[in-house]
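Peer 1: Shown below is the structure under consideration.
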Amino acid sequence: MKIQFREKTFEVNQKTKISDLLKDEIENSEHPVIAAIFNNEYVNLDYEVEEDGTIKLVDISEKQGMKIYRRTLIYILSKAIRNLDLDYNIIVDHQLYNATFCEVEGKEILEDDLKKINEEMRRIIKKDIPIKKVVMTRDEAKKFYEETGTSKGFLQYALEENKEIKMYFCEDYFNYCYGELANKTGITRIFEIMKYKDGILMRYPDSSKPEQMSKLIQYKKIEWALDEYDDIHKILNMNTVYKLNKAVEEDRIKDVIMLDEALHEKKIANIADKIAKNRNIKMVLIAGPSSSGKTTFAKRLGIQLRINRIKPVTISVDNYFVERKDTPKDENGNYDFECIEAIDLDLFNDHLTKLLNGEEVEMPEFDFYEGTKKYKGKKLKLEKDEILVIEGIHCLNDKLTSRIPKEQKFKIYISALTVLNMDRYTRISSGDTRIIRRIVRDYQFRGYSAKHTIGNWWMVNRGEVKNIFPFQEEADTIFNTSLIYELGVLRGLAIPMLEEITKEDEEYAEARRLLNLLKYIRTIPKEYVPSNSLLKEFVGGGDFKY
């Protein structure tokens, strides 16, 4: 067989492990290598090649590499607890910057036990024990589950289409993870565990600086929003994919949808009431990452404001770009439309100040083709019962509205902060929910393929990291736009789109990863989604026009 790696071509025998074939390259890599991509699909380093193909090594300076690092640490944490015979059942709760909070089911973890767990994890890592992926047939898996009495990874067996059932073994410990693990424990040497609330906070490096522990940054408001939704969905007994699937199978999903949507409506109404009670507020600023549902949220908030006898007036920041010749450029010499300097801040603040003072303003309209602002006689003057509503990536950054007094502004951060777990060990990331939303929306309404959306997602993330996430704690309130049932609806639409990406495409590995997530979720008909739902912004057919 012929295997291509960078400019090299290797003649190899079947069943050759990637870790053996590229031993020198792995050992001499600038950053620790944790996995590989073989023929555009993520694989373990101990993967045995059986066909011609191309290999790319994945190190921990890459986003997916750090996800595998984090997943492996959770596996080692669980093994350490089992090795010590401690009576703790952990549930991976949510991610807090470069840390993951693990809840301890039904009890508080003791400091002495935490110290023992830390020592045992370090022993396991120092020993550099192999982690072996074992692939079973359904018959073998049936016997395995009957003999062990375990529920670990049972979701994969419950999916009848799965012909192969996978389990990871490390010495005599086994568990399942929905995604690749490192092939050895030793790569995860940089970590820290500490007591947090009643559970465990596990820290690890950032992919941008993989050789050192990242600074602990606590996002209290984000954490509060996650905890609130977590608690509600636990009360509803709807916090894992297995339970969601049971609701679909038992025809209870319409009740789940109504409760989830009622929660959204109640939260939006509460935000509108809070704004109405403070007569100093003259401006509502809304920001959030891509595919959070900002447009629908703004429209639904507007309805609730009108119930409170406040009329929302929207202004688009996009009409206040600087002239094209003045637009800043990025490090590659391309126009950087996402940086705040691309906005004509002087003109924007001048217009805002005049509007809040009761003056009339002629509003610009930006011509993106010619790269200039045009004035077409559109005038605006705020009445006493009106309030400005502005939505944009910089809305939490005070630099955007620097001339407006703080007491006149109400900032809202919105994001799809996913609270659904695959199982107790595997959280579905908010980023995965958002990219699936965007794939469906882009395909249906913008004419972009899933390949295009995935290929450009890194640029979207880069803008969010720079312009949105650093300011999220500046918000006066946070609205979580996630819906516990949404992946069931998005699944039926996204899977055919993702399946258009072929093995020859560079985006195939990411497409397969998303497909492997979606395949475990039962389809929910999109007709079940209420017409005013935030989800309609992505699946179509809603009450609002975009």
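The values are calculated or read from the model by the stated rules, or taken from the named source; none is laboratory data. Please read these numbers as outputs of a predicted model, since none were measured by experiment. In this analysis, Cβ positions are derived from the backbone assuming ideal geometry, glycine residues included, and neighbour counts consider all displayed protein chains.
Peer 1: If a residue has to be surrounded by 14 or more Cβ atoms within 10 Å (Cβ to Cβ) and either touching a Leu at 6+ places or on another chain (Cβ under 6 Å) or at pLDDT below 90 (or both) to count, how many in the range 177-200 make the cut?
Peer 2: Qualifying residue count for the region: 10.
Peer 1: Would you be able to say whether some residue in the range 260-274 is over 19 Å from the mean Cα position of the chain (by Cα), within 22 Å of LEU517 (Cβ to Cβ) and modelled with pLDDT of 90 or more?
Peer 2: yes
Peer 1: Looking at (1) part of a helix (DSSP H, G or I); (2) outside the structural domain of GLY288 (by TED's automatic domain parsing), which is the one condition that is false for ARG438?
Peer 2: (2)
Peer 1: If I ask for residues that are in contact with a His (Cβ under 7 Å, 6 or more places away or on another chain) and either modelled with pLDDT of 95 or more or of a type in the set (A, V, I, L, M, F, W, C) (or both), which ones from the range 406-436 would you list? So that I can check it myself, show each step before the final result.
Peer 2: Initially, the range 406-436 is screened for residues in contact with a His (Cβ under 7 Å, 6 or more places away or on another chain), giving 419, 427.
The answer is VAL419, and nothing else.
Peer 1: Enumerate the strands (runs of 3 or more DSSP E) found wholly within the range 312-416, keeping only those where 2 or more residues are surrounded by fewer than 18 Cβ atoms within 10 Å (Cβ to Cβ).
Peer 2: Qualifying strands (runs of 3 or more DSSP E): 361-367, 372-380.
Peer 1: Further question on the same structure: Quick one: count up the residues across the range 439-481 that are among the β-branched types (Val, Ile, Thr) and loosely packed, with under 15 Cβ neighbours inside 10 Å. Show your work before the answer.
Peer 2: The initial filter retains those residues of the range 439-481 that are among the β-branched types (Val, Ile, Thr), namely 439-440, 453-454, 460, 465, 468, 477-478, 481.
Those left that are additionally loosely packed, with under 15 Cβ neighbours inside 10 Å: 465.
Going through the range 439-481 one residue at a time, the tally reaches 1.
Peer 1: So, one more: Can you find, within the range 518-538, the residue that is farthest from LYS67 (Cα to Cα) among those that are of a type in the set (A, V, I, L, M) and surrounded by 21 or more Cβ atoms within 10 Å (Cβ to Cβ)?
Peer 2: By that ranking, first place goes to VAL529.
Peer 1: Quick check on my filter: what residues within the range 371-398 are more than 14 Å from ASP344 (Cα to Cα) and free of Cβ contacts under 8 Å to residues at least 12 places away in the same chain?
Peer 2: LYS376, LYS384
Peer 1: Another question about this same structure. Please state which of the following conditions ARG122 fails to meet, knowing it meets all the rest: (1) under 18 Å from ALA182 (Cα atoms); (2) of a type outside the set (Phe, Trp, Tyr); (3) in the same structural domain as ILE193 (by TED's automatic domain parsing); (4) in contact (Cβ under 8 Å) with a residue 12 or more places away in the chain.
Peer 2: All conditions are met except number (4).
Peer 1: Given the structure, is ARG403 at pLDDT 95 or above, of a type in the set (D, E, K, R), outside the structural domain of ASN40 (by TED's automatic domain parsing) and out of contact with any Leu (no Cβ under 6 Å at 6 or more places or on another chain)? First the steps, then the outcome.
Peer 2: Details: at pLDDT 95 or above: yes; of a type in the set (D, E, K, R): yes; outside the structural domain of ASN40 (by TED's automatic domain parsing): yes; out of contact with any Leu (no Cβ under 6 Å at 6 or more places or on another chain): yes.
The answer is yes for ARG403.
Peer 1: Given the conditions (1) part of a helix (DSSP H, G or I); (2) at pLDDT 95 or above; (3) of a type in the set (Val, Ile, Thr), which single one is not true for VAL256?
Peer 2: (2)
Peer 1: Report whether or not LYS234 is of a type outside the set (Val, Ile, Thr), at pLDDT below 85, part of a loop (DSSP other than H, G, I, E, B) and exposed (fewer than 15 other Cβ atoms within 10 Å of the Cβ).
Peer 2: Answer is no for this residue.
Peer 1: Here's something else I'd like to know. Go over the candidates LYS163, LYS143, LYS152 one by one and state the one that is under 30 Å from GLU111 (Cβ atoms), surrounded by fewer than 20 Cβ atoms within 10 Å (Cβ to Cβ) and out of contact with any Pro (no Cβ under 7 Å at 6 or more places or on another chain). Break it down stepwise before answering.
Peer 2: Details: LYS163 fails: under 30 Å from GLU111 (Cβ atoms); LYS143 fails: under 30 Å from GLU111 (Cβ atoms).
Selected residue: LYS152, the only one of LYS163, LYS143, LYS152 that is under 30 Å from GLU111 (Cβ atoms), surrounded by fewer than 20 Cβ atoms within 10 Å (Cβ to Cβ) and out of contact with any Pro (no Cβ under 7 Å at 6 or more places or on another chain).
Peer 1: Within the range 41-97, count every residue that is acidic (Asp, Glu) and touching a residue at least 60 places away in the same chain (Cβ under 8 Å).
Peer 2: Selection size over the range 41-97: 5.
Peer 1: Separate question: Does the range 323-331 contain at least one residue that is closer than 30 Å to LEU535 by Cβ, outside the structural domain of ILE268 (by TED's automatic domain parsing) and touching a residue at least 24 places away in the same chain (Cβ under 8 Å)?
Peer 2: Among the residues of the range 323-331, not one is closer than 30 Å to LEU535 by Cβ, outside the structural domain of ILE268 (by TED's automatic domain parsing) and touching a residue at least 24 places away in the same chain (Cβ under 8 Å), which makes the answer no.
Peer 1: Which residues, counting only those in the range 441-458, are in a helix (DSSP H, G or I) and either among the aromatic types (Phe, Trp, Tyr) or over 24 Å from LYS503 (Cβ atoms) (or both)?
Peer 2: Answer for the range 441-458, where residues must be in a helix (DSSP H, G or I) and either among the aromatic types (Phe, Trp, Tyr) or over 24 Å from LYS503 (Cβ atoms) (or both): ARG441, TYR443, GLN444, PHE445, ARG446, TRP457, TRP458.
Peer 1: Within the range 293-308, does at least one residue satisfy the condition of being touching a residue at least 60 places away in the same chain (Cβ under 8 Å), part of a loop (DSSP other than H, G, I, E, B) and within 22 Å of MET459 (Cα to Cα)?
Peer 2: The answer is yes, given that some residue of the range 293-308 is touching a residue at least 60 places away in the same chain (Cβ under 8 Å), part of a loop (DSSP other than H, G, I, E, B) and within 22 Å of MET459 (Cα to Cα).
Peer 1: Looking only at strands (runs of 3 or more DSSP E) that lie completely in the range 1-55, which have at least 2 residues being within 29 Å of the chain's Cα centre (by Cα)?
Peer 2: Per the criteria, 33-38.
Peer 1: Only one of (1) under 30 Å from GLU103 (Cα atoms); (2) out of contact with any Phe, Trp or Tyr (no Cβ under 8 Å at 6 or more places or on another chain) is not met by ILE414, so which one is it?
Peer 2: (2)
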